[in-house]
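S.K.: Below you will find the structure I want to go over with you.
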Amino acid sequence: YQGGGGGGGRIQMFCTTGNGFTGSASVNGGITSISQDGGSGTMLGPTCRPNTPTVLTMFKSDNVTEVLQNQIVAETSLKFVSNLFDTDSSEQLSLQIELRPINQSFTNVPTHTQSAPAPNPSDCLAPPAGCGSILVTGLSQLTDYHWQARVRDTKGATSTWTSFGTNASGERDFRVSGNAANISITSGNTQTGL
């Protein structure tokens, strides 16, 4: 009896300065005549890793108002933008971010990915135009957030992560304010004022 076909394995082919690969590679599973065939594997590349983003910023959903580091905003939707570049000029690129409340550490797993790839390069010379971008909705009120970003190409290669701002990873990048549900007296009852 045959033992079945072997799995296709995993291939990662990443270059650093230029993609000159001209051969072929396969991650097809093994095929047998009377037992189960092996499953296909996964292949990333051949491709060069994208450059780590150098421009990271946020905008309110109006696409005009920039959100500065440590700013308090009332909106629960923000646009995260970054420059995108890869030495493989034929690649299309996507921004990926990991956005978490500051009481949660980064895991280096993206929480949001740009929905449609952008051209290479997207220099982000006039943000948010000409940038990779992600609109995040449903941010929680009364919450402090921090975020990091990386670039992913269409062949699966990713840049290294880079954090927004110059603060430490456990410090607030921005805060979403809340609306008061009610106002009540906590002490005293003779104060007056406007």
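The values are calculated or read from the model by the stated rules, or taken from the named source; none is laboratory data. Values in this document were obtained by computation on a predicted structure and should not be read as measured data. Glycine gets a Cβ as well: all are built from the backbone with ideal geometry, and neighbour counts include every protein chain shown. Each accessible area value is taken on the protein alone, full model and side chains, heavy atoms only, with ligands, DNA and RNA left out. Shrake-Rupley method; radii C 1.70, N 1.55, O 1.52, S 1.80 Å.
S.K.: How much of the accessible area of the chain, in percent, comes from carbon and sulfur atoms when a 1.4 Å probe is used?
M.R.: The computed percentage sits at 49.
S.K.: Moving to a separate point now. I'd like the FRET efficiency for Asn70 and Thr42, computed as 1/(1 + (r/R0)^6) with the beta carbon distance as r and R0 of 41 Å, rounded to 0.05.
M.R.: Computed FRET efficiency for Asn70 and Thr42: 0.50.
S.K.: Please give the length that would be gained between Ile102 and Ser177 if that part of the chain were fully extended, namely 0.36 nm times their separation in residues minus their C-alpha to C-alpha distance (nm, one decimal).
M.R.: Between Ile102 and Ser177, full extension yields an extra 25.5 nm.
S.K.: Name the long-range amide H neighbours of Val67: under 5 Å, sequence gap of 5 or more, or other chain; modelled H, no Pro or chain starts.
M.R.: Met58, Phe59, Lys60
S.K.: If each residue of separation counts as 0.36 nm, what is the full-extension length gain between Leu142 and Ala116 once their alpha-carbon separation is subtracted?
M.R.: Value of the extension gain: 6.3 nm.
S.K.: Calculate one ³J(HN,Hα) per residue across segment 54-61 by plugging θ = phi - 60° into the Karplus curve 6.51 cos²θ - 1.76 cosθ + 1.60, and present them in order as whole Hz with x for glycine and proline.
M.R.: So the Karplus estimates, Gly and Pro as x, are 10, 10, 10, 7, 10, 9, 5, 5 Hz.
S.K.: Provide the per-residue ³J(HN,Hα) series for segment 97-103, in order, calculated from phi with Karplus coefficients 6.51, -1.76, 1.60 and θ = phi - 60°, each as a whole number of Hz, with x at glycine and proline positions.
M.R.: Values per residue, Gly and Pro as x: 10, 10, 10, 9, x, 5, 7 Hz.
S.K.: May I pose another question? Output the relative contact order of the chain, whole-number percent, from Cα pairs under 8 angstrom with separation of 6+ residues.
M.R.: 22
S.K.: What is the gain in length, in nm to one decimal, between Asp62 and Asn167 on full extension, counting 0.36 nm per residue of separation less the C-alpha to C-alpha distance?
M.R.: Result for the pair: 35.2 nm of gain on full extension.
S.K.: With log10 I(q)/I(0) by the Debye sum over Cα atoms at q = 0.08, 0.09, 0.14, 0.16 Å⁻¹ as the read-out, I listed (1) -0.49, -0.56, -0.92, -1.07; (2) -0.54, -0.61, -0.87, -0.98; (3) -0.41, -0.49, -0.85, -0.99; which label goes with the value calculated from this structure?
M.R.: Of the listed options (1) -0.49, -0.56, -0.92, -1.07; (2) -0.54, -0.61, -0.87, -0.98; (3) -0.41, -0.49, -0.85, -0.99, (3) comes from this structure.
S.K.: Check Thr111: other-chain or 5+ apart residues with amide H under 5 Å from its amide H, H built from backbone geometry?
M.R.: Here the answer is Ile97, Glu98, Leu99, since their amide H atoms fall under 5 Å of that of Thr111.
S.K.: Please report the antiparallel percentage of DSSP beta bridges with both residues in the chain, rounded to the nearest 5.
M.R.: Antiparallel bridges make up about 80 percent of those DSSP assigns within the chain.
S.K.: Determine the per residue accessible area of the chain with all protein chains present and a 1.4 angstrom probe, expressed in square angstrom.
M.R.: Averaged over the residues of the chain, the accessible area is 58 Å².
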